[in-house]
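Read the figures in this text as sums done on the coordinates, not as results from a lab. Since we're looking at a predicted model, the values are computed, not measured. In this analysis, Cβ positions are derived from the backbone assuming ideal geometry, glycine residues included, and neighbour counts consider all displayed protein chains.
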Protein chains: 2
Amino acid sequence: MARMSSVDRRHEIVQAALRVIAADGVSGATTRAIVAEAGMSLASFHYAFTSRDEMMRELVAYVVESETVAAFSALRFGTDIRTSIRDSLTAYFELAVVADPGHEQVMFELMQYALRTPGIEHLAREQYDRYRAAVSGLLETGAENAGIRWSLPVEDVARLVVTISDGLTLGWLADRDTAAAMRVIEFAADSLSRLAEPAPTNSTVRTTTKERSA
Amino acid sequence: MARMSSVDRRHEIVQAALRVIAADGVSGATTRAIVAEAGMSLASFHYAFTSRDEMMRELVAYVVESETVAAFSALRFGTDIRTSIRDSLTAYFELAVVADPGHEQVMFELMQYALRTPGIEHLAREQYDRYRAAVSGLLETGAENAGIRWSLPVEDVARLVVTISDGLTLGWLADRDTAAAMRVIEFAADSLSRLAEPAPTNSTVRTTTKERSA
DNA sequence: GTCTATAATGAGATAGAC
DNA sequence: GTCTATCTCATTATAGAC
């Protein structure tokens, strides 16, 4: 086996561990299963990491770091905010959930692992903060394109979107009822679009009442 | 140790296992931890169950069987459907989530265990079917008391409620932000109450304009 | 029926040669 | 740096006395 830097080796191990977790769950990710997947010896594992726990902490941090809401951002927002929300949720659902159920299941398992593991509970919170921050950005872009503004703080709207996405995903993982999930998306699009209100036009001074930080 | 029937002993083991899982998670529920909690010997465990897997399957089935949405049904629905929804969600959130976070976490873990374990995947679906059935009953009672009817099939409304409850619970478990959760509940009450429409009075013929299938 | 004792397996981690 | 071989411990499960 070719020599490689410690950083690369650690990354290679984390990637192999993620593949094992996707296939067999967190409990199936034993050191032996991981090194078999990575094609290396058990000793190499313990050369790169002092313990399995250390590796798992790095894995969770890596996932939290790299997880983006890619499916959402693939969408271009149009002028109709309801359609934009519906299409974005549908894209998330079809691309991130239905097309790859294992991935979302792994996200939930890792969140619970983080909540259960002393010292990394904060990573569960960070995972959600990142989701919400990503969704907030999309909601602001969507509002701009549609010429509306949100009647609630955008962070609150983002939390609603993430709440619905989580519930939608869990429910579908349980019963795989895609048609029912689409009806949930229609309801969500109806409800969320009611939080939009016409934005002041550009010809008016928009920062009169609420100064914005540059 | 007093002798007891096999059924009682199995039940006692399952109860002890649930306590261990609440404290340490599914992975912490080793046979040793369980028998220590139950105050019996390892051999007694294997007299009652042939294997740990068999016990876990019975445990999941027991939870699915006995899980009710108790917090919801503690509520009496008033005449205002929005208030009823808000109070019910708040009661669920405060009584079942905040007051006992471990319980809901265990529910999620057991669902994932079921999804991962060959032969009991159907229990995850049953778990959700039971939630939705219980919520459906409450929604029908609430509609009757408020003099409204749901503009969607009540099963669809129930799915929406469960979707939001799941998302609400997961989000709170991650960041413990109770104030933000309450804002989600307000939004849910607004959105769900829009699915209510005035029920025909008993003196009018209710199927004149919109024929319903019996 | 319940116990003590132990077999059998698989886990994480380490020693030491190369 | 990487390997083989091994250690130590915890796990599930079973055997056999009472």
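Expressed as an acute angle from 0 to 90° and rounded to the nearest 10, what is the orientation of the C-alpha long axis of helix A:101-116 relative to the principal long axis of chain A?
80
Using only alpha carbon pairs under 8 Å that are at least six residues apart, calculate the relative contact order of chain B and give it in whole percent.
Taking the mean separation of contacting Cα pairs over the length of chain B, I get 20 percent.
Please tell me the relative contact order of segment A:1-49 in percent, rounded to the nearest whole number, where contacts are Cα pairs under 8 Å and at least six residues apart. Before the final figure, lay out each step's value.
Numbers: 32 pairs, mean separation 19.1, N = 49.
Relative contact order here is 39 percent.
Just tell me how shielded B:155-161 is by partners: mean number of partner chain Cβ atoms within 10 Å of each residue's Cβ, no decimals.
4
Report, as an integer, the average count of C-beta atoms from other chains found within 10 Å of each Cβ along B:170-179.
6
For helix B:121-146, what angle does its Cα long axis make with the longest principal axis of chain B, in degrees from 0 to 90 and rounded to 10?
Relative to chain B, helix B:121-146 is tipped by roughly 40 degrees.
Show me the ranking of peptides A:172-181, A:56-65 by mean Cβ neighbours inside 10 Å, starting with the highest.
For the peptides A:172-181, A:56-65, the packing ranking is A:56-65, A:172-181.
Over all directions, how big on average is the projection of the convex hull of the alpha-carbon atoms in the protein assembly as shown, in square nanometres? Can you show the working numbers first?
Working: hull surface 111.3 nm².
Mean projected area of the Cα convex hull: 27.8 nm².
Using alpha carbons only, how many degrees (0 to 90, rounded to 10) separate the axis of helix A:81-91 from the longest principal axis of chain A?
The two axes meet at around 20 degrees.
Measuring from the lowest to the highest alpha carbon on each principal axis, how far does segment A:52-202 reach, largest first, in angstroms?
Principal extents (largest minus smallest coordinate, Cα): 56, 35, 21 Å.
Using just the helices of the protein assembly as shown, give the 222 nm mean residue ellipticity in deg cm²/dmol: DSSP H runs with n ≥ 4 each add -39,500 (n - 2.57), and the total is spread over all residues, rounded to 500.
Result for the protein assembly as shown: -22000 deg cm²/dmol, rounded to the nearest 500.
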